[in-house]
Amino acid sequence: MPVTEVEGRRLPLTRLEKVIYPDTGTTKGEVLRYYAQHAGTLLPHLHGRPLSLLRYPDGPGGQTFFTKRVPPGTPSWVSTCEVPRREGGTTVQVMVQDLASLMWAANLMVEFHTPQWLAEAPGEADRLILDLDPGAPADIVSCCRVAEWLHDRMTADGLRVHAKTSGSKGLHLLSPLRPAPARLVSAYARRLAAEAAAELPGLAITTMARSARPGRVFIDYSQNAAAKTTAAPYTLRARTRPAVSAPVTWQEVGDCTDPRELHFELPDIAGRVEQHGDLLAGLLDPLRARPLP
């Protein structure tokens, strides 16, 4: 079993030659190299937040399962925090605060999911999120049209709006906030979604039932609830190909006419970061946060 040293921590890395993404032949070793290469961009978006981990140790075709609790065998040097549970009590969750912790978690083969609040202030959201999920034959192009309307509407309310691909079929819109109770952020997000559905009939809906979604974009505001989480920026997703939840420019959103234009995989990210830097850096700047309208 290969063992490497990362920031003074000894890490056993397992089955590096194993193919994780069958459609591209991408191996576990390549996945770990991706996270090491982009640690400086990804880590700030994980820092201070309790993580939920979607594990896929044998690739997306094998068993997948979510875990919020600290996995068995977690090294003592990996940071953890107590998170309140809705039913009372607390759950202890992992926080990835540094490169060594990132590589330890990546070796488990995970998607990284974060809440919209920091561990130091549970339930006090410092960002708002809208998840645009298309129902076939609608696609990410349809999401872009909804996203443009929401961008203008939220900008009119004084918010700064950022976009990233979900790494699946849709888009995520995010706005940095001065901390506010998650229930109030959820209520505002629900109003935005309802307005969009009213203004874009036949294109946007707020109905969760899948039977209502074909050909339309479901605006999921529920991920603003304190107990919910969202795929983190730059995380790889558990799909047959190594798709990434990648930040995009509003120019790219406006110009998109083909789903392939906003589909990004592991090899694409280095060039995008070199060209654009971190397009979501504004989420991390408290000076860019705005009060909840």
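I'd like to know if the range 18-27 contains one or more residues that are under 28 Å from Leu283 (Cβ atoms) and either within 16 Å of the chain's Cα centre (by Cα) or of a type in the set (Gly, Ala, Ser) (or both).
No, that holds for no residue.
Those residues that are surrounded by fewer than 21 Cβ atoms within 10 Å (Cβ to Cβ) and farther than 18 Å from Asp220 by Cα, I need them from the range 153-179; list them, please.
Thr155, Ala156, Asp157, Gly158, Arg160, Arg178, Pro179 - these are the residues of the range 153-179 that are surrounded by fewer than 21 Cβ atoms within 10 Å (Cβ to Cβ) and farther than 18 Å from Asp220 by Cα.
Every residue in the range 193-233 that is among the small types (Gly, Ala, Ser), open to solvent by 70 Å² or more (accessible area, probe 1.4 Å) and either assigned to a loop (DSSP other than H, G, I, E, B) or closer than 22 Å to Asp157 by Cβ (or both), please.
Ala198
In the range 16-37, which residue that is in contact with a helix residue (DSSP H, G or I) (Cβ under 6 Å, 6 or more places away or on another chain) and not hydroxyl-bearing (Ser, Thr, Tyr) is farthest from Asp278 (Cα to Cα)?
Step by step, filter the range 16-37, then rank; the result is Lys18.
Could you check Leu128 against (1) farther than 14 Å from Ser52 by Cβ; (2) exposed (fewer than 15 other Cβ atoms within 10 Å of the Cβ) and say which number it fails?
With (1) farther than 14 Å from Ser52 by Cβ; (2) exposed (fewer than 15 other Cβ atoms within 10 Å of the Cβ) applied to Leu128, the lone miss is (2).
For residues that are free of Cβ contacts under 8 Å to residues at least 60 places away in the same chain and charged (D, E, K, R), scanning just the range 14-28, find the one that is least open to solvent (accessible area, probe 1.4 Å).
Lys18
For the range 267-290, indicate whether the set of residues that are within 30 Å of Leu108 (Cβ to Cβ), assigned to a loop (DSSP other than H, G, I, E, B) and among the small types (Gly, Ala, Ser) is non-empty.
Yes, the conditions are met somewhere in the range 267-290.
Gln275 fails exactly one of the following numbered conditions: (1) open to solvent by 10 Å² or more (accessible area, probe 1.4 Å); (2) touching a residue at least 12 places away in the same chain (Cβ under 8 Å); (3) over 18 Å from Ala147 (Cα atoms). What is the number of that condition?
(2)
State yes or no: is Val31 within 16 Å of Ser101 (Cα to Cα), more than 18 Å from the chain's Cα centre (by Cα) and buried (at least 17 other Cβ atoms within 10 Å of the Cβ)?
When the stated conditions are applied, Val31 does not pass them.
Please report, ordered by residue number, the strands (runs of 3 or more DSSP E) entirely within the range 49-119 with at least 1 residues that are open to solvent by 50 Å² or more (accessible area, probe 1.4 Å).
65-67, 80-84, 90-94
Test of understanding: among Arg190, Arg237, which residue is closer than 28 Å to Gly61 by Cα, open to solvent by 10 Å² or more (accessible area, probe 1.4 Å) and at pLDDT 95 or above?
After ruling out the rest, the residue left standing is Arg237.
The values are calculated or read from the model by the stated rules, or taken from the named source; none is laboratory data. Note that the structure is a prediction, hence the values are computed from the model and not measured. All Cβ positions, glycine included, derive from the backbone under ideal geometry; neighbour counts span all protein chains shown. The protein model used for the area step is the full one, side chains on, heavy atoms only, and it has no ligands, DNA or RNA in it. Shrake-Rupley method; radii C 1.70, N 1.55, O 1.52, S 1.80 Å.
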